[in-house]
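Some notes on the structure that comes next.
The values are calculated or read from the model by the stated rules, or taken from the named source; none is laboratory data. Not measured: the values here are computed from a predicted model. All Cβ positions, even for glycine, are placed from backbone atoms using ideal geometry, and neighbour counts span all protein chains on display. Remember, those area values only see protein heavy atoms, side chains included, never the ligands or the DNA or RNA. Shrake-Rupley method; radii C 1.70, N 1.55, O 1.52, S 1.80 Å.
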Amino acid sequence: MQRLMRKVLEAERDKLHMGNPLGINDDLQSIIEDEVN
Amino acid sequence: MELNRLELENFRQFFGTQSMEFSQEAKQNVTVVHGANGSGKTTLLNAFIWLFYDEITLTHPNRIANERAMAEARPNGQVKVSVTLEFDHEGRQYTAERRKTYRKTGSNDLSGQLADESVSLQYIDTDGNHKKRSNPNSALKQIMPRRLRKIFFFDGETIDELSADDGQEQVQAAIRNIMGLEILERAIRHLDTVEGRFEKEIERHGSNELQELVQRKQELQQRQDTKESELADTQESRRQTKNELAQVEDRLGELENSQELQQEREHLRDDLQDVEAEIEDINDDIRSDISDRGHLPFAMPAVEETARMLQEKRRRGEIPSEIKQQFVEDLLEMEECICGRPLTAGTDARDHVAGWRERAGSSDLEESAMRIAGRLTEIGTEQEALFEDIDRLLERRSRKDEQKRSLQERIDEISTSLTEEAAEDINELESRRIDLESDLEALTKKIGDLEGDIRDLESDIEEVVEEIEDAREENEIAELARRRAQVAAYLRNEIESLFEKYQNDVRQNVNNRVNDIFQRIIEKDFYAEITDEYTLRILKDVGSAEGQIVAKSTGERQVASLAFISTLISLAKERYESDEDATYFTGGIYPMLMDSPFGYLDPTYQRRVSSMLPEMASQVIVLVTQSQWSEEVAGEMDAVAGVRYRLEYHDPREDPNVEYEYTEIVKEVSV
């Protein structure tokens, strides 16, 4: 779960860093789908 | 972020191109800009706000272009306005530029009409390559978040709002934003959305359908079991009936008075069976003929119409045509007609002969027409043969039906004779035989019905089984979505706890530092604190347990706010420079740009604040009015300022040589 949380926060950080937050919900959904299957 | 250089071009009251560089000296990291009221300090602050957010907080926000530049431009001419900032950020050298071009619509137009605008953000990466950010507006807001605008670029005269009674939202937002906690905040919000998506999926795929289908399958299987059991009983009854019937008939075959008739009946039955088989064969033949050739009578109207059309074409001489296409082509190739005329290119004779191409018949088409005509005749013949064959079969079947009827009649007569036989045992046996035969017929029918019912039930069960498989798949999808929703909720809760923890840690940390800075400036019995509700307040210790009162002085609140901002900036820098894992708590290096920070401070506080400025941020830019430029401030500033500028305001009311107001940036001191 810690790994998953790190992935989620890294995705948020990267989006924020890029200055383009579009698609973040899709990204987080994919991260959870990949881990929980 | 470290500011290097600012360049203004025709921005508001700054005429032409003017620039300033910012001090980056460690001990003298303060850049001072002083000028009279109205000289353009707040405009300078707005140059940053305009560059980063395309906003102006001054009166007449749409008058961006300098009036003098507009006045000097000819009608329809254009005036370029730009703000360019060079700065370092996270190891990269950036150049940001916002530019707008205004067209002068008439000789008296001093505002201009926006003709063009652009924003760019270029940087030099660690390898020395020049690159451009693709989405400069978003990237600028990322570097300097808009919500932090009031923290980085603040107006000293209103900064005390932070420590007002209703300032807690601003304080909380400032702590959250400057410490990089927005990553956690955003993750919480987005995970909530993602959880909602999974819940919708559960709603879409999850249902009680599976349970209902399993129940239906069980009911159908139960009915099938009942029918199969009934079928087995009926088959047994039929077997027993058949046995008894055979025994009765055997007995009739043994008795002297019935023996002959019984034997005859058995022969007749054999014959009847043969005739019935023959009738069935004939029926098969009829079915086969209709299946193979039954279309012919329906096709005949179309066949006859086609034949009529071909006949008509033949009658009109279109088939076969009088000239063959190949013949025309040969003449054209030889360039000579059969009459001897030359058919060279460009002659009327050649054009005339070439015109025959369209009228000439294609040999392929004619051959096809001939083949169709032949086939049409065959179809007619086949139809007649079909009718003849069917008639013949029907006639045969009719004869066999007659034969069957006759055999049946004789069998019935035998039965009647045996029933009327004087010998009691014979007529009783015959009556019993008739009953048994009737029972056998009823049982056979019942077996057929039961078998049909069982087949229907099997088919229903198969369908339900398929539906159960589909529902089970849907259920699995819903179950997976349920687990994912749980994970999203778990992560959200964890991050929420983390967020609260960090926010409180930071609040505690901020609390201690704010008070430390505050007390170094104020040196009274006052102290500053940030409450659990994120209110920044100043208390006076009156020496008793409940002896704390909230101070109301604007000057003290201004100092507390300044201490708060300075604390946030230094904490963010510490976090940024620390080696700790900082996925979601990045911090950052930010400058501090203050407009009129000494407004409500008495000379002692002005001096103390001035002396502490270098500690407040890695880089401090102070815009100060002439009235605040006291001896105390100037004395302290000389020690901490790396560079000093004066804003020289040219006022047409005071200088007859100046037609329009404008400001010049004049460098006074440089280290």
How big is the charge dipole of the range B:393-446 about its Cα centre, in debye rounded to the nearest 20, if each Lys and Arg gets +1 on its Cβ and each Asp and Glu gets -1 on its Cβ? 700
From highest to lowest solvent-accessible area (probe 1.4 Å; ligands, DNA and RNA excluded), B:392, B:484, B:653 read B:653, B:392, B:484
Could you run the Karplus curve 6.51 cos²θ - 1.76 cosθ + 1.60 with θ = phi - 60° over the range B:215-222 and give me ³J(HN,Hα) per residue in whole Hz, x for Gly and Pro? 4, 5, 4, 5, 4, 5, 5, 5
Integer Hz, Karplus 6.51/-1.76/1.60 couplings in order for the range B:178-195, x for Gly and Pro: 6, 8, x, 6, 5, 4, 5, 4, 5, 4, 4, 5, 6, 5, 5, 5, 5, 4
The range B:36-137, accessible area per residue, ligands and nucleic acids excluded (1.4 Å, Å²): 49
Given B:629, B:616, B:650, which one lies farthest toward the positive end of the charge dipole of the range B:607-657, if we put +1 on the Cβ of every Lys and Arg and -1 on the Cβ of every Asp and Glu? B:616
Between B:16, B:194, B:510, whose Cα lies farthest towards the positive end of the dipole of the protein assembly as shown when Lys and Arg beta carbons carry +1 and Asp and Glu beta carbons carry -1, centred on the Cα centre? B:16
What number in nm² do you get for the range B:198-319 if you take the convex hull of its Cα atoms and divide its surface by four? 22.2
May I have the pair-distance distribution P(r) for the range B:68-150, computed from all Cα-Cα distances with 10 Å bins from 0 and rounded to whole percent? 17, 35, 24, 20, 4, 0
Over the alpha carbons of the range B:553-639, what is the largest minus smallest coordinate on each principal axis, giving the biggest first in Å? 47, 29, 17
Selected from B:137, B:291, B:326, residue furthest toward positive end of dipole (chain B; charges at beta carbon): B:137
At q = 0.11, 0.20, 0.22 Å⁻¹, what log₁₀ I(q)/I(0) does the range B:410-512 have when each alpha carbon counts as one equal point scatterer in the Debye sum? -0.72, -1.03, -1.08
Tally Lys and Arg at +1 and Asp and Glu at -1 over the other residues with C-beta under 12 Å from the C-beta of residue B:659: what net charge comes out? -3
Given a 1.4 angstrom probe, I'd like the percentage of the accessible area of chain B that is carbon and sulfur, rounded to a whole number. 43
Could you tell me the accessible area of residue B:649 in Å² (1.4 Å probe, neighbours in place), rounded to the nearest ten? 70
Once every DSSP H run of n ≥ 4 in chain B is given -39500 (n - 2.57) and the sum is divided by its residues, what mean residue ellipticity at 222 nm do you get, rounded to the nearest 500 deg cm²/dmol? -20500 deg cm²/dmol
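With respect to the cross-link table entries A:7/B:501; B:27/B:131; B:104/B:131; B:217/B:446; B:100/B:573; B:400/B:445, which display a Cα-Cα separation exceeding 28 Å?
Beyond 28 Å between Cα atoms: B:27/B:131; B:104/B:131; B:100/B:573.
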Quick one: 3J(HN,Hα) in Hz for the range B:388-394, Karplus 6.51/-1.76/1.60 with θ = phi - 60°, rounded, Gly and Pro as x. 4, 4, 5, 4, 5, 5, 5
For the Cα atoms of chain B, what angle does the longest principal axis make with the long axis of helix B:325-334, in degrees from 0 to 90, nearest 10? 60
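Hey, could you get me the Stokes-Einstein D for chain B, Kirkwood radius over alpha-carbon pairs, 4 °C and 1.567 mPa s, rounded to whole µm² s⁻¹?
Answer from the Stokes-Einstein relation: 34 µm²/s.
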The range B:607-671: translational diffusion in µm²/s, Stokes-Einstein, Kirkwood Rh over Cα pairs, 25 °C, 0.890 mPa s: 180
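First select every other residue whose beta carbon is under 12 angstrom from the beta carbon of residue B:384; then total the charges, Lys and Arg +1, Asp and Glu -1.
After counting each charged neighbour, the total is -4.
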Keeping every protein chain in place, order B:590, B:600 by accessible area at 1.4 Å, biggest value first, i.e. largest first. B:600, B:590
In degrees, nearest 10, range 0 to 90: what is the angle between the Cα axis of helix B:296-315 and the longest Cα principal axis of chain B? 80
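Using C-alpha positions alone, give me the convex hull volume of the protein assembly as shown per residue in cubic angstrom.
Looking at the protein assembly as shown, the number lands at 407 Å³ per residue.
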Solvent-accessible area buried by A and B, counting both chains, probe 1.4 angstrom, square angstrom: 2600
If you count only protein heavy atoms and use a 1.4 Å probe, how large is the accessible surface of residue B:476, to the nearest 10 Å²? 120
Expressed in whole Å with the largest first, what are the equivalent ellipsoid semi-axes of the range B:424-576 derived from the C-alpha gyration tensor as the square root of 5 times each eigenvalue? 99, 17, 9
Report, largest value first, the span of the C-alpha coordinates of the range B:1-72 along each principal axis, in whole Å. 43, 24, 22
Dipole magnitude of the protein assembly as shown about its Cα centre, charges +1 at Lys/Arg Cβ and -1 at Asp/Glu Cβ only, in debye to the nearest 20? 7660
Rounded to the nearest 10 Å², what accessible area does residue B:267 show when all protein chains are kept and the probe is 1.4 Å? 120
Mind putting a number on the dipole of the range B:115-196 about its Cα centre? Charges go on the C-beta only, +1 for Lys and Arg and -1 for Asp and Glu, and I need it in Debye to the nearest 20. 500
By the gyration tensor of its Cα atoms, with a ≥ b ≥ c the square roots of the eigenvalues, what is the shape of the range B:1-141: rounded for a/c under 1.5, prolate for a/b over b/c, or oblate? oblate
